[in-house]
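Values quoted throughout were computed directly from the atomic coordinates according to the rules given, and no laboratory measurement underlies them. Everything numeric in this text was worked out from a predicted model, so none of it was measured. Glycine gets a Cβ as well: all are built from the backbone with ideal geometry, and neighbour counts include every protein chain shown.
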């Protein structure tokens, strides 16, 4: 099974397999599915806020702190806050 692309993790979880092909224990899958069901029922605060959160989480893996901060600002979002800097860049 091909586990590449942006939905690779979701496809692997659905198949019950880790990316290396090993099975994910049923207790892990059960807990994950329970939490995701609850998360799916939660009211959302806004698309742009969620987009920014995803950009910060993933962008920190691909950009240095200054570049990510500047890109956020240029796009019209607020820059990185201290909590994000401490978590993702220290």
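Details
- Virtual spin-label span in nm between residue 30 and residue 42, 7 Å along Cα→Cβ: 2.3
- Rounded to two decimals, the Cα radius of gyration of region 47-89 over 2.2 N^0.38 Å is 1.00.
- Potential extension, residue 7-residue 64 segment - 0.36 nm per residue separation minus Cα distance: 18.1 nm
- In angstrom, the C-alpha Rg and Dmax of the chain are 16.5, 44.
- Euclidean distance of C-alpha centroids, region 6-33 and region 59-88, integer Å: 30
- Label positions at residue 83 and residue 50, each projected 7 Å from the Cα along the C-beta direction, are separated by 1.9 nm.
- When you count the other C-beta atoms within 10 angstrom of each residue and take the mean per peptide, 4-17, 33-46 line up highest first as 4-17, 33-46.
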